[in-house]
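Down below is the structure, laid out as structure tokens.
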Amino acid sequence: MTKRQANLIHALVQIFLSFWIYYDAVNQGIHQLFPLAMGIILLSLNNGIMFNNKAQVNAAIFITIASLLFLAKMSWETLSVENYREGVFYAIMVFTAMMSTITLIAQRKVKTN
């Protein structure tokens, strides 16, 4: 899997699942739409990742790690109040974030002199 494909999958999963969580929730909150914003930003960086723009790849790595931390915190909080349905959605997003982070870091090109 290329880093562009991993980023695209992660961004689309975040966008669609955050919409689903928001509209499915009894108490809708703005915190449920943060993955949507991060997914849109990652989707906008996808062309730069395809053409190996170093700044956009580094920005995608930073945003993916930040979203991973946020999603891990949200999944922990939802599972602690026994909201298992929403917790499963956050766990899926955490899995795709880890997959994307590993792929982005592993496939970075290192300059050689």
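General remarks:
- Residue list for region 14-45, filter: aliphatic (A, V, I, L, M) and over 16 Å from ARG85 (Cα atoms): ILE15, ILE30, LEU33, LEU36, ALA37, MET38, ILE40, ILE41, LEU42, LEU43, LEU45
- Being out of contact with any strand residue (DSSP E or B) (no Cβ under 7 Å at 6 or more places or on another chain), crowded, with 20+ Cβ neighbours inside 10 Å and touching a residue at least 24 places away in the same chain (Cβ under 8 Å) holds for only one residue in THR96, THR101, and it is THR96.
- Subset of region 73-82 that is surrounded by 16 or more Cβ atoms within 10 Å (Cβ to Cβ) and of a type outside the set (Gly, Ala, Ser) - its residue that is nearest to ILE61 (Cα to Cα): MET74
- Helices (runs of 4 or more DSSP H) lying entirely in region 1-71 (those with 3 or more residues that are within 15 Å of the chain's Cα centre (by Cα) and buried (at least 18 other Cβ atoms within 10 Å of the Cβ)): 3-24, 34-44
- Here GLU82 fulfils each of the conditions (1) part of a helix (DSSP H, G or I); (2) without any contact (Cβ under 8 Å) to a residue 24 or more places away in the chain apart from (1).
- Close pairs (8 angstrom Cβ cut-off, 6 or more residues apart or separate chains): touching a residue at least 12 places away in the same chain (Cβ under 8 Å) and over 28 Å from ILE102 (Cβ atoms) in region 6-35, among the acidic types (Asp, Glu) and surrounded by 15 or more Cβ atoms within 10 Å (Cβ to Cβ) anywhere: ASP24/GLU86; ALA25/GLU86
- Pairing each residue of region 43-67 that is touching a residue at least 12 places away in the same chain (Cβ under 8 Å) and on the phi > 0 side of the Ramachandran plot with any residue that is in a loop (DSSP other than H, G, I, E, B) and of a type outside the set (Ser, Thr, Tyr), provided the two are 6+ apart or on different chains, yields C-beta distances under 7 Å for ASN52/LYS109.
Only the coordinates and a few stated rules stand behind these numbers; no lab work does. Predicted, not measured: the structure shown is a model, and the values here were computed from it. Counting neighbours? That spans all protein chains shown, and the Cβs are built from the backbone with ideal geometry, glycine included.
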